[in-house]
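Structure record follows, encoded as structure tokens.
The values are calculated or read from the model by the stated rules, or taken from the named source; none is laboratory data. All values derive from a computational prediction rather than experimental measurement. All Cβ positions, glycine included, derive from the backbone under ideal geometry; neighbour counts span all protein chains shown. Quick note on the areas: whole protein, heavy atoms, side chains included, nothing else; ligands and nucleic acids left out. Shrake-Rupley method; radii C 1.70, N 1.55, O 1.52, S 1.80 Å.
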Amino acid sequence: MNQPDARGGVNRRQVLKRMLGAVAGASVAGCRSVRQDCLGVGPNPIQRENARAGTTDWMLTQTAVEPSTKYRCPTIEGYCSRRSLAAGENIQFYVSCNPASTFRIDLYRLGYYGGNGGRHVASFGPFQGVPQADPDEGEKRLRDCAWDACTGFTIPEDWVSGVYLGKLTAEQGGWQSYVIFIVRDERSVDFLFQCSDTTWQAYNRWPSQFSLYDNGEHQWWWGGDVRVSFNRPYGKYCQIFDAPLSTGSGEFLLWEFPVAYWLEAHGYDVSYASNLDLHERPGRLAQAKGFLSVGHDEYWSIEMFRHLQSAIQNGLNVAFLSGNAVCGRILMTPDGAGQPNRVFERVGVFGPPGGTREFVAMDSLPHDRPYANELVGAHSTGPVTGGADWTCVAPEHWLFAGTGMRQGDGIPGLVGWEWHGDPASIPGLEIVASGPTFSAPDEPNGGQFTSTIYPGPNGNIVFNAATIWWGDGLSEPPGYLRPSVYTSPQGPDARLQRITANLLDRMRRRE
């Protein structure tokens, strides 16, 4: 197992000292002293981890998809036995190569690492890869693989919580794709970062048009009677733009990694979890001061909703740095081997009847309470899609301290491609940013996005950013592709970075 340290005559203590000095000199708005006010006294596990030697070798360099499927890479593709696991637990990897080829697996933890974005943590192989059978289409179009594992290993005790990529490389032809998993922990932490892996899987069309959005007749179906499994590779991302680097990694690199990269660059004390952890392990929330829903966090079970709702009542701070969040209600069930919560289907909508654009068969699903805006502050509404400038409407609010933003000032193109509106009637709820949405520049589509903050019962807060693209205003990690549809975000913005720092600083104050 390869766990490289700092090299070139510089020891870890020197690297850590340099990193902390660089962070202290950076613009982390809202902090009088970065080390003490934002990061706590002494280096936390994220700071120590990011002081280690990084690399950009985690990125795929030779990718391809089968033209007839549009999304899969049959030359080498795989999936993991676990979505989320802790140190001391075992994970297995399932890989198929067609044509047969030897292959290797290199594991990387994603983070900042001096701007490289990843650190190499382990290598496995070579293994003899062979074509593994595509699963038959099961009930409700389920494609549930039962491949043979090529290897497995136990997560070392010293691995830091994070998102880990396995880069699969076929030695015949050099073709590559990813597998992805999350290492969680149980330590007390400032922020718990939730990865939106149910949404990654809902949009996964592997092997060809078998996402939650295809019922065999419509490619953008929004009804029920379709099931998807985590026992299959992630195909290349299927919306908005061409993203070859996403093959095998869900949506993490697209919308979530820029937030994680920025958090780790500035040394915030953060731990990572999957949607599954909110569903299965609600006690984890009690160990965090703040919970972060990031990116495109569309698909939630009623258990997830109730667990977070209860934690807010108990004083947890929450930030929905996401759009289209808590929209589709899902039911999780076992897979064909009886493993729990490896399969799910859409069974309802967390919103009122007629509250959104009528996607195909959406009206066939229950639209029962609870509604998403009762948790988030606002929710998917109106045309659902579109873009806008994220426009300040409450310049005196503490959220905007130090930004210089005035009434009507906007962060260009930050809102998209799905957003929240229709704020709930929650006592104390404040609208901090709002404006019309557009189908193209200067072409309003009748929507109105609304970013909100409301108070919890114990001095805690719940913030709603009302956009999938919040991370675009924070950072642009290696390999990042800027989305552009309806309108276009413009990349890192010092004002948004300051807003985020103000928000996180307030969330860290949980008693």
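Within the chain, helices built from complete DSSP H runs that reach 15 Å or longer along their own axis (Cα positions) and carry a mean Kyte-Doolittle hydropathy of -1.0 or higher are 12-25, 302-313, 494-507.
Among GLY459, ASN324, TYR213, which residue has its Cα furthest toward the positive end of the charge dipole of the chain, with +1 on Lys/Arg Cβ and -1 on Asp/Glu Cβ? With unit charges placed on the Cβ atoms, the residue in question is GLY459. From the alpha carbon centroid of the stretch 422-440 to that of the stretch 176-255 is 28 Å.
How big is the charge dipole of the chain about its Cα centre, in debye rounded to the nearest 20, if each Lys and Arg gets +1 on its Cβ and each Asp and Glu gets -1 on its Cβ?
On the way: 43 positive and 53 negative charges, 321 e Å.
In debye, rounded to 20, the chain gives about 1540.
Farthest towards the positive end of the charge dipole of the stretch 359-508, among the residues ALA401, TRP470, GLY421, is the Cα of ALA401, using unit charges on the Cβ of Lys, Arg, Asp and Glu.
Take the Kirkwood radius over Cα pairs of the stretch 344-431, plug it into Stokes-Einstein at 4 °C and 1.567 mPa s, and you get 87 µm²/s for translational diffusion.
For the chain, the solvent-accessible area works out to 35 Å² per residue, with a probe of 1.4 Å and every protein chain left in place.
Which of rounded, prolate, oblate describes the stretch 223-362, given a ≥ b ≥ c as roots of the alpha-carbon gyration tensor eigenvalues and a/c under 1.5 marking rounded, otherwise prolate only if a/b is larger than b/c? It is rounded, given that a/c, with a ≥ b ≥ c, falls under 1.5.
Take the alpha-carbon centre of the stretch 345-367, take the same for the stretch 59-106, and report the distance between them in whole Å. Cα centres, the stretch 345-367 to the stretch 59-106: 34 Å. Restricting the calculation to Cα atoms, the stretch 198-249 shows an Rg/Rh of 0.95 when the hydrodynamic-style radius is the Kirkwood one. Taken about its Cα centre, the stretch 432-511 carries a charge dipole of about 400 debye when Lys and Arg each add +1 at the Cβ and Asp and Glu each add -1 at the Cβ.
When the solvent-accessible area of the stretch 143-290 is split by element, carbon and sulfur atoms take up 46 percent of it, the probe being 1.4 Å.
Calculate, in nm to one decimal, what ILE240 and ALA146 gain on full extension: separation in residues at 0.36 nm each, minus their alpha carbon distance. Intermediate values should be presented prior to the final figure.
On the way: separation 94, 0.36 × 94 = 33.84 nm, distance 3.11 nm.
Gain on stretching ILE240 to ALA146: 30.7 nm.
Orientation-averaged projection of the stretch 107-259 equals 11.4 nm² [convex hull of Cα atoms, one quarter of hull surface area]. Here the chain is described by how far its Cα atoms reach on the three principal axes: 63, 62, 42 Å, from widest to narrowest.
Roughly how big is the stretch 353-511's charge dipole about its Cα centre, with Cβ charges of +1 (Lys, Arg) and -1 (Asp, Glu), in debye to the nearest 20? Don't skip to the answer; put the middle values down first.
Values: 10 positive and 17 negative charges, 106 e Å.
My answer is approximately 500 debye.
Roughly how many percent of the accessible protein surface of the stretch 315-446 is carbon and sulfur, given a 1.4 Å probe and a whole-percent answer? If you can, show how the numbers build up before the last one.
Details: 2500 of 4850 Å².
Answer for the stretch 315-446: carbon and sulfur cover 52 percent of the accessible area.
With the charge dipole of the chain set up from +1 on Lys and Arg Cβ and -1 on Asp and Glu Cβ about the Cα centre, the Cα lying farthest toward the positive end among the listed residues LEU285, PRO45, SER246 is that of PRO45. Each of GLU443 and ALA100 was given a label point 7 Å from its Cα along the Cα-to-Cβ line. The distance between the two points is 5.3 nm.
Using just the alpha carbons, could you tell me how many Å³ per residue the convex hull of the stretch 414-507 encloses?
102
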